[in-house]
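Reading through the structure tokens given below for one structure.
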Amino acid sequence: MWFEDVPLGEKTVIGSYTFTEENIVAFARKYDPQPFHIDAAAAAHSPYGGLIASGWHTALVWMKLMMAYRQAQVAAGATRTQENYVSPGLRDLKWLKPVRPGMTLTYTNQASQKLDWPSLPAYGLLEGNNEALSEDGTVVYSFVNRVLIARRPSQ
Amino acid sequence: MADELLHFEDFQAGQEYPCGTHVLTAGEIAEFAREFDPQPQHLDPEASSEILGGYAASGWHLCALAMRMIVDGLFNRSTSMGAPGLDEVQWRKPVRAGDSLSVKVEVLGTRASSSRPDRGFVQLRCSMWRKDERVMFWTCSVMFRRRATEAHPSTGPG
């Protein structure tokens, strides 16, 4: 789908992920070894009262689910106008609630805004609102992603 | 000892905390990409990418790597209580295998919490540099515990 053809406003469920003590600790040992992410005993005495996932873990799961969602779309016959998705960054990322072992989060994406990206005129910048919801529907994580999408080649 | 940890009061605008240097390998780029961002430009050294100019690390990988370096270099010798979010992340330049990457944390400002007297917010810019080129940064406010006044019983009256 070319930049011009991307519909705005449609909310898509991109996938779900269950956080466990095992995957929370394994992630944090590698990338974010603060006591409240890797040590249940220390976490019990932290302001969080128990082990919580690294915010980067919650964030990276979005990317993992988004890539799997896109691959599934292509496998189901969606046309691909560009092979690589590249982003210049993101904004307004909020870790709204602690993510604890046993929680399953469902991630959604909603294309929200199209902008020019003057340094790469063959591309446009697509922004999207993203949320992760716990099983009771509480939004525990949100951010605005930004991705460069190829414009329809001029004839 | 808890007193030796950096508390909210120890941070001032203008301070800079260097958090080390890491040389990124092709193996690390591919290992991260397989788990979180399996796109050809992060997995295949022969891949082409018009925007990135070829094989490059996932931007998310740069964030995770920088976080590890900041935890080791700063947060785990402080009273960090985590951050409620990030104002923005900018991925400014492609980063490739063999690049030597330095991470620095700059203090932009501080603000005591109005609702929780035990903590304050320190506004930080966390940047990854390749020589004098800033390849990635994010800005955020991290919560740090304040020094308890009863922790200084030796302070005399007056």
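The values are calculated or read from the model by the stated rules, or taken from the named source; none is laboratory data. Predicted, not measured: the structure shown is a model, and the values here were computed from it. Ideal geometry is used to build each Cβ from the backbone, glycine not excepted, and the neighbour counts take in all protein chains shown.
Quick grid of which residues meet (1) in contact with a Pro (Cβ under 9 Å, 6 or more places away or on another chain); (2) more than 14 Å from B:E16 (Cβ to Cβ); (3) at pLDDT 95 or above:
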{"site": "B:S100", "(1), (2), (3)": "no, yes, yes"}
{"site": "B:K104", "(1), (2), (3)": "yes, no, yes"}
{"site": "B:V107", "(1), (2), (3)": "no, no, yes"}
{"site": "B:T110", "(1), (2), (3)": "no, yes, yes"}
{"site": "B:S113", "(1), (2), (3)": "no, yes, no"}
{"site": "B:D118", "(1), (2), (3)": "yes, yes, no"}
{"site": "B:L124", "(1), (2), (3)": "no, no, yes"}
{"site": "B:D132", "(1), (2), (3)": "no, yes, yes"}
Whichever residue in the stretch A:16-47 is more than 10 Å from chain B (Cβ to nearest Cβ) and within 13 Å of A:L60 (Cβ to Cβ) and, among such residues, is surrounded by the most Cβ atoms within 10 Å (Cβ to Cβ): A:I24
What is the one condition in (1) touching a strand residue (DSSP E or B) at 6+ places or on another chain (Cβ under 7 Å); (2) at the interface with chain A (Cβ under 8 Å from one of its Cβ atoms); (3) assigned to a helix (DSSP H, G or I) that B:E88 does not satisfy? (3)
Residue check: is A:P121 surrounded by fewer than 19 Cβ atoms within 10 Å (Cβ to Cβ), over 20 Å from the mean Cα position of the chain (by Cα) and either facing another protein chain (nearest Cβ under 10 Å) or among the acidic types (D, E) (or both)? no
Can A:A59 be described as at negative phi and over 15 Å from the mean Cα position of the chain (by Cα)? no
Condition first: polar (S, T, N, Q), under 19 Å from A:V140 (Cα atoms) and in contact with a strand residue (DSSP E or B) (Cβ under 8 Å, 6 or more places away or on another chain). Can you find one or more residues in the stretch A:40-56 that meet it? no
For the stretch A:119-150, the count of residues that are in contact with a Ser or Thr (Cβ under 7 Å, 6 or more places away or on another chain) and not in a strand (DSSP E or B) equals 1
Mind checking whether some residue in the stretch B:29-46 is in contact (Cβ under 8 Å) with a residue 60 or more places away in the chain and more than 17 Å from the chain's Cα centre (by Cα)? yes
Being assigned to a helix (DSSP H, G or I), more than 13 Å from the chain's Cα centre (by Cα) and β-branched (V, I, T) is the requirement here; does A:V74 meet it? yes
The stretch B:15-67: number of residues that are at the interface with chain A (Cβ under 8 Å from one of its Cβ atoms) and part of a helix (DSSP H, G or I): 10
Residues of the stretch A:77-118 being surrounded by fewer than 16 Cβ atoms within 10 Å (Cβ to Cβ) and in a loop (DSSP other than H, G, I, E, B), which ones? A:G77, A:A78, A:T79, A:R80, A:T81, A:E83, A:L96, A:K97, A:G102, A:P118
Would you be able to tell me the number of residues in the stretch B:109-133 that are surrounded by 15 or more Cβ atoms within 10 Å (Cβ to Cβ) and not charged (D, E, K, R)? 10
Looking only at the stretch A:58-92, and only at residues there that are touching a helix residue (DSSP H, G or I) at 6+ places or on another chain (Cβ under 7 Å) and modelled with pLDDT of 90 or more, the one that is farthest from B:C63 (Cα to Cα): A:K64
All positions within the stretch B:48-86 that are within 29 Å of B:A112 (Cα to Cα), under 13 Å from the mean Cα position of the chain (by Cα) and of a type outside the set (A, V, I, L, M): B:C63, B:R68, B:D72, B:G73, B:F75, B:N76, B:S80, B:G82, B:G85
